[in-house]
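Undergrad: This is the structure I want to talk about, given as structure tokens.
The values are calculated or read from the model by the stated rules, or taken from the named source; none is laboratory data. Just so we're clear, the structure is a prediction, and the values are computed from it rather than from any experiment. Here Cβ is always computed from backbone atoms with ideal geometry, including for glycine, and neighbour counts include all displayed protein chains. Please note that ligands, DNA and RNA were not included when accessible areas were found on the heavy atoms of the full protein model with its side chains. Shrake-Rupley method; radii C 1.70, N 1.55, O 1.52, S 1.80 Å.
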Amino acid sequence: SIVGQDRSDSTHVVEIVEFPSYEEAMKNSNLPETNRIFEELVAACDETPSFTDLDVVRDEQLNKMIVRRFFGEVINAKNLDLADELCTGDYREHDPALSSYDVDLAQAKRENGEILNAFDFRLTLESMIAEGDLVTCRITFQGQHTGTYQGMEPTNRDVTGTGHATFRCQGGKIAESWWNWDELGLLRQLGAVEV
């Protein structure tokens, strides 16, 4: 249970009671002692208390939502300009496949735009784990080499690969990311590197 008092109205008090699941909350609301507590609460209040059925959303869930949106709308929909809205102004990206391991948002958009334009592919989020301000994703991708990539003309070859990305979120936006994906495997599939 968490009790909060409205700063602008000290007589307005909010109590949030959290249950492990919706089913547990419904089971609890049918208990005789719950009704007794409700009646005591009504007697202590000037007005009848109101009840709201809420889902508790934690920072980790919000961070996963913004990362999921980044993958779906920025990468898969190839809308790089949306990154300006989803990322902080001082965003940093760390990816050994880029020209530098530490690039700002503008540079990340330019270089990732070249990758997105070179391949007609879809990235799939296989799993996500969030803790605190970090979200880590296991990803796979598959598609076709349809544009120039690192000076290599389109081969129209099918490509697949795997990778991991970790995002640090701040204030509902992505502030930093670290990428590790199988670029060597991709170059082998394109015939640019001998096995």
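Undergrad: Being modelled with pLDDT of 95 or more, closer than 14 Å to Asn76 by Cβ and not hydrophobic (A, V, I, L, M, F, W, C): is that true of Thr136 here?
TA: So Thr136 does not fit the description; no.
Undergrad: Further question: Mind checking which strands (runs of 3 or more DSSP E) fall wholly inside the stretch 1-113 and carry at least 3 residues that are touching a residue at least 12 places away in the same chain (Cβ under 8 Å)? Give the derivation first.
TA: Values: elements: 2-5, 13-16, 87-94.
Here the list reads 2-5, 87-94.
Undergrad: Please enumerate the residues belonging to the stretch 168-191 that are under 17 Å from Pro96 (Cα atoms) and either in contact with a strand residue (DSSP E or B) (Cβ under 7 Å, 6 or more places away or on another chain) or crowded, with 17+ Cβ neighbours inside 10 Å (or both).
TA: Glu176, Ser177, Trp178, Trp179, Asn180, Trp181, Asp182, Glu183, Gly185, Leu186
Undergrad: Okay, moving on. Does Lys64 fit the bill of being on the phi > 0 side of the Ramachandran plot and either of a type in the set (S, T, N, Q) or surrounded by 10 or more Cβ atoms within 10 Å (Cβ to Cβ) (or both)?
TA: Details: on the phi > 0 side of the Ramachandran plot: no; either of a type in the set (S, T, N, Q) or surrounded by 10 or more Cβ atoms within 10 Å (Cβ to Cβ) (or both): yes.
No, not satisfied.
Undergrad: Further question: For the list (1) open to solvent by 40 Å² or more (accessible area, probe 1.4 Å); (2) of a type in the set (S, T, N, Q); (3) under 18 Å from Gly172 (Cα atoms), I need the number of the one condition that Ser100 fails.
TA: It fails just one condition, (3).
Undergrad: Just name the residue that is nearest to Leu125 (Cα to Cα) out of those in the stretch 63-89 that are in contact with a strand residue (DSSP E or B) (Cβ under 7 Å, 6 or more places away or on another chain) and charged (D, E, K, R). Please lay out each step first, then the result.
TA: Let us first name the residues in the stretch 63-89 that are in contact with a strand residue (DSSP E or B) (Cβ under 7 Å, 6 or more places away or on another chain), namely 63-64, 66-68, 70-71, 75-76, 86-88.
This time we only want the ones that are charged (D, E, K, R), so: 64, 68.
Values: Lys64: 11, Arg68: 8 Å.
Looking at residues that are in contact with a strand residue (DSSP E or B) (Cβ under 7 Å, 6 or more places away or on another chain) and charged (D, E, K, R), I get Arg68.
Undergrad: Here's another thing I want to ask about it. Could you count how many residues in the stretch 67-84 are open to solvent by 70 Å² or more (accessible area, probe 1.4 Å) and under 10 Å from the mean Cα position of the chain (by Cα)?
TA: So the answer is 2.
Undergrad: Among the residues of the stretch 114-165, what is the count of those that are of a type in the set (D, E, K, R), in contact with a Lys or Arg (Cβ under 9 Å, 6 or more places away or on another chain) and not in a strand (DSSP E or B)? Don't jump to the end; show me each part of the working.
TA: Within the stretch 114-165, the subset of a type in the set (D, E, K, R) is 114, 120, 122, 126, 131, 133, 138, 153, 157-158.
Checking which are in contact with a Lys or Arg (Cβ under 9 Å, 6 or more places away or on another chain) leaves us with 126, 133.
From what's left, not in a strand (DSSP E or B): 133.
Within the stretch 114-165, residues that are of a type in the set (D, E, K, R), in contact with a Lys or Arg (Cβ under 9 Å, 6 or more places away or on another chain) and not in a strand (DSSP E or B) number 1.
Undergrad: Within the stretch 50-61, identify whether any single residue is within 25 Å of the chain's Cα centre (by Cα) and at pLDDT 85 or above, and answer yes or no.
TA: yes
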